[in-house]
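Taking it in order: structure first as structure tokens, then the write-up.
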Amino acid sequence: MTNSQLTPGVVPGRLSPQEYSANFVDVAPRLSAHEASVAADRCYFCHDAPCMTACPTSIDIPLFIRQIATGTPEAAAKTILGQNILGGMCARVCPTETLCEGDCVRMESEGKPVEIGALQRFATDTLMAAGRHPFTRAARTDKSVAVVGAGPAGLAAAHRLAMKGHEVTIYDARLKPGGLNEFGIASYKAPENFASAEVEWLLQIGGITVVQNWQVGRVGDGTVTDLLAEYDAVFLGMGLSGVNALNLPGEELATPATDFIAELRQSDDLATLPIGRKVVVIGGGMTAVDAAVQAKLLGAETSTIVYRRSQGEMPASEHEQDHALGCNVRLICNAAPVAIHAVEGGLEVEFARTETTGAGLRKLDDTFRLKADQVFTAIGQTLGATPEELKLAGGKIAVDGAGRTSLARVWAGGDCAVGGEDLTVTAVAEGRDAAEDIHQFLMGE
Amino acid sequence: MADLRSDFVGIKSPNPFWLASAPPTDKEYNVRRAYEAGWGGVVWKTLGSEGPPVVNVSGPRYGVIYGADRRVLGINNIELITDRPLEVNLREIKSVKRDYPDRALVVSLMVPCDEASWKAILPLVEETSADGVELNFGCPHGMAERGMGSAVGQVPEYIEMVTRWVKQNTRMPCIVKLTPNISDIRKPAEAAKRGGADAVSLINTINSITSVNLDEFAPEPMIDGMGTHGGYCGPAVKPIALNMVAEIARSEATRGLPISGIGGVTTWRDAAEFMALGAGNVQVCTAAMTYGFKVVQEMISGLSDYMDRKGMVSTSEIVGRAVPKVTDWQHLNLNYVTKAVINQDDCIKCGRCFAACEDTSHQAIAMDEDRTFTVKDEECVACNLCVDVCPVDCITMRELPKGETDPRTGRAVGDYANWTTHPNNPSSANFCGVRPAE
Ligand SMILES: Cc1cc2nc3c(=O)[nH]c(=O)nc-3n(C[C@H](O)[C@H](O)[C@H](O)COP(=O)(O)OP(=O)(O)OC[C@H]3O[C@@H](n4cnc5c(N)ncnc54)[C@H](O)[C@@H]3O)c2cc1C
Ligand SMILES: Cc1cc2nc3c(=O)[nH]c(=O)nc-3n(C[C@H](O)[C@H](O)[C@H](O)COP(=O)(O)O)c2cc1C
Ligand code: SF4
Ligand code: SF4
Ligand code: SF4
């Protein structure tokens, strides 16, 4: 290893092998049985529990925690997975501080919630480690459904439909299933290939065929109309495959943060992954934080998030901001990019200071430049191409409460559809609920 | 710091906290360390007759009941009396007493139910300079199968007979330790008193099976696949012990008989409660077995702090103070009315009070959209269940002053009146119904 954190430019191998593995271990390792029982004992078994209301998939949290407390973690897992088939991933990636744990009554009494996420992981890991799939398929129907996208929304829909006895085919554009679980989530949240292990476990239900490298709309693959001809119903869970453009001079010098993260997630050897000495990330959400943190963990000397509004307005939760700051990521707020310049020995990103007025965000004349070797943009993802007949709303597929789109026999859910936050757990809830509605529709026919 | 000195049937100790006869007092090493930690006295682990000692099992001898976070709430044991030779115990007792003359040292005894056995052992104990003897009529397991322990304690005539033998054969104060495994605790206490006992101590352990191993289908603790009932002790038994102490303290026949309170004493507060119900001192076993000898330091500081706050100068000011307040149900004031009140500032909105009242009580708590819980006075019967289940202790009982109308019954709160004169009571002079024909 000849490179170090101070090597100029964008180079691989800035750290020792030990440093790479230490940096990318599980951020929140699984609780031991003892830790789980102590944590479970803190739950009050609330009536009509607020935590449960706050969970987008409405997991019966007091019940599953009681099942852990009484020494039956596999029963707890079944309670969880019955509502949320990706309960294992959600236990790792949900921003619990703004969901279930944020509403735990123990926040009110002690400012420390019951560790719902960690307990959920304890239960689901126990079951998955035993290699058991706790659900069985209902008798086969003669119906078949096409699911587009093997992300959380598509997987949840497919599992529920298969469980109801329908034949399901998932079509996914990438070479591997999992969606952003596989290509987006920060690596330290779900290390050891958890995403692919979970998909494999989920498919044990049977009745689901996965077709990879098949993109709806791509010549040679097929269209939604083609799918409708072949299947009784179609579920669209294709996420957001595009990214917002910066629309600035020099924007071609920046890389979408999601591409960087996808490459990182698929890398077998982090030491081969080039990273800049000075990294600048433009944005303020979960993606910006994940990119900046992981750049730092890969050995960048400095990693700076620049967000155009105030810190309080950042879409990334306080917990995530703290995590970034704890990893020595720098945070600059109230600064919007105006240009990226190629200069001697690297790049410079030019920012204008901003202020929020009644009329919205305003760029001031006060500007500054940040030196950078690598610039990532994390300013939002956009919907990819969709059939023209499909009605959109605010850049996403318009759906009603049950996920029905404007096209007959076509449902949609997850990031590509309107409604809910763009979170793994929301995608699961929407996929599951659409599946229930599809089932009703198919059986009512 | 309040004066905690205690004089129990003439036995003096620097504080009223004694270790009960059990493993903590089984040998010189333990007892010396207990005294060093601050215990006021000990009752030495029960001695048997001369000759080959009893043998204990060599597998697990304790079972347990846990609360949250594996907190020990109750322990059960199948241990016998001391399994060390009599002469070794006597030698050690003598040596410890010589070095700690200011501490109480009482010797627990259990020998066969014949006068000769008692006549033989008493002089040997006297020779150690111990302060007194405690007759173990309590242990419910093992020894009872051999006609000792609770097998004696369950027959008042035997208690009286043995106590009399002891009193006739020694000048030492004699404490009779009672078994709770009996339907009316007053009977053995009266028998002890008739036999001349200086005091009773209670309770010994309660017959119990703590748990069943669901793989082996056998009771725990399990010895080679089999189990037996054992004696239950610890915080879980305190309510049973308190009631038995109170029964003896307030009964006509035994009033004034000194009591050493035992059963689940874990904190200074438990000790004060036993004393308020008539115990002159307390004995402790499970708390020491769970946390070590050091727990006595909290008991000492806590009791003395409490007495200072109350302006009490001697523990005798606590002893028996609650006894006059223990009465029969029929004398409770039926015109006393309270209503639960929820302190909204402290409420964390867990809804436990609601679930309890709605599902199992009187549907007297309302829950509104934003999870505000309020008591409906017109339904609340003041059962106290919500207070008991609230995790943050934010529900209190408000007493309705005389004259205020109880919205549940529509009647104004009146003067004291109890069941004996209640119109619904067939044996009251005011009975409003029709008495069955004579
Ligand atoms: C960097 C990053 C970090 C994140 N971290 C978190 C986090 O910590 N916690 C959290 O809860 N959420 C997080 N999210 C959000 C979360 O990952 C998404 O909300 C969630 O994955 C949405 O699921 P989905 O199934 O709708 O879409 P996706 O996961 O995006 O899956 C869509 C799938 O559809 C496929 N596809 C796309 N277009 C086509 C097509 N035309 N034809 C066929 N297949 C297609 C894709 O290959 C993909 O497999 C993060 C997102 C990003 C980008
Ligand atoms: C393991 C064990 C052994 C005991 N052995 C005796 C004994 O030998 N003699 C006796 O009088 N009581 C014996 N006891 C009963 C205790 O002295 C005491 O009465 C009982 O444990 C209740 O008090 P506690 O709740 O503080 O433990 C024993 C208790 C335990 C736990
Ligand atoms: S809010 Fe907290 S204490 Fe109440 S049930 Fe949920 S996890 Fe348990
Ligand atoms: S005291 Fe009993 S009846 Fe009254 S509100 Fe509480 S639980 Fe309900
Ligand atoms: S039990 Fe206590 S904290 Fe919980 S809702 Fe009722 S009053 Fe509030």
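Below are the figures for this structure:
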read-out	value
A:SER196 paired with B:GLU369, simple spin-label distance in nm, labels 7 Å along Cα-to-beta-carbon	5.1 nm
Test item: A:46-59 mean partner chain Cβ contacts at 10 Å	3
Per-pair calculated FRET efficiency, R0 = 60 Å: B:GLN330 and A:HIS341 via Cβ, rounded to 0.05	0.05
J(HN,Hα) series, the stretch A:190-204, from Karplus relation 6.51 cos²θ - 1.76 cosθ + 1.60, nearest Hz, glycine and proline x	9, x, 6, 6, 4, 4, 6, 4, 5, 4, 4, 5, 4, 6, 4
Helical segments meeting 15 Å axial Cα length and Kyte-Doolittle 0.5 threshold in chain B (DSSP H)	B:238-250
Backbone HN-Hα couplings from phi across the stretch A:322-337 [Karplus 6.51/-1.76/1.60, Hz, Gly and Pro as x]	4, 4, 4, 5, x, 8, 6, 7, 8, 10, 10, 10, 6, 9, 10, x
Solvent-free Debye scattering, log10 I(q)/I(0), computed from the Cα coordinates of the stretch A:33-129 at q = 0.15, 0.22 Å⁻¹	-0.47, -1.09
Segment A:THR357-A:ILE332, length gained on full extension (0.36 nm per residue, minus Cα span)	7.1 nm
Chain B - Kirkwood radius from inverse mean 1/r over Cα pairs (Å)	24.1 Å
Shielding by partners, peptide B:365-375 (average Cβ within 10 angstrom, other chains)	1
Shielding by partners, peptide B:344-351 (average Cβ within 10 angstrom, other chains)	6
Efficiency of FRET between B:GLU317 and B:CYS432 - r from beta-carbon atoms, R0 60 angstrom, step 0.05	0.85
Rounded to 10°, Cα long-axis angle of helix A:257-266 versus longest principal axis of chain A	60 degrees
Between 0 and 90°, nearest 10: helix A:286-297 axis offset from chain A longest Cα axis	60 degrees
Estimated FRET transfer efficiency when R0 is 22 angstrom, pair A:ALA385-A:SER267 (beta carbons, to 0.05)	0.15
Over the stretch A:62-162, relative contact order from alpha-carbon pairs under 8 Å, at least 6 apart, %	28 percent
Simple label model, 7 Å out from Cα along Cβ direction - A:THR7 to A:ARG218, nm	3.4 nm
Least to most buried among A:LYS371, A:LYS164 (fewest other Cβ within 10 Å first)	A:LYS371, A:LYS164
For the stretch B:6-325: relative contact order, % (alpha-carbon pairs under 8 angstrom, 6 or more apart)	18 percent
Helix axis angle, A:73-83 relative to chain A longest principal axis, alpha carbon, degrees	90 degrees
Fluctuation leader among B:SER108, B:SER95, B:SER201 - chain B, Gaussian network, Cα springs under 10 angstrom	B:SER95
Least to most buried among A:LEU390, A:LEU15 (fewest other Cβ within 10 Å first)	A:LEU390, A:LEU15
Pair B:ASP415, B:ASP215: separation of 7 Å Cα→Cβ label points (nm)	6.9 nm
Exposure proxy ranking, count of Cβ atoms within 10 Å, fewest first, for B:ILE262, B:ILE81	B:ILE81, B:ILE262
Length added when fully stretched, A:GLN204-A:ALA129, from 0.36 nm per residue minus Cα-Cα	25.6 nm
The stretch B:1-142, Rg to Rh (Cα coordinates; Rh as Kirkwood inverse mean 1/r)	0.99
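Any read-out appearing in this document is the output of simple, stated calculations on the displayed coordinates, not a laboratory observation. None of these values were measured; they are calculated from a predicted model. A quick note on method: Cβ atoms are made from the backbone with ideal geometry, for glycine too, and the neighbour counts reach across all protein chains shown.
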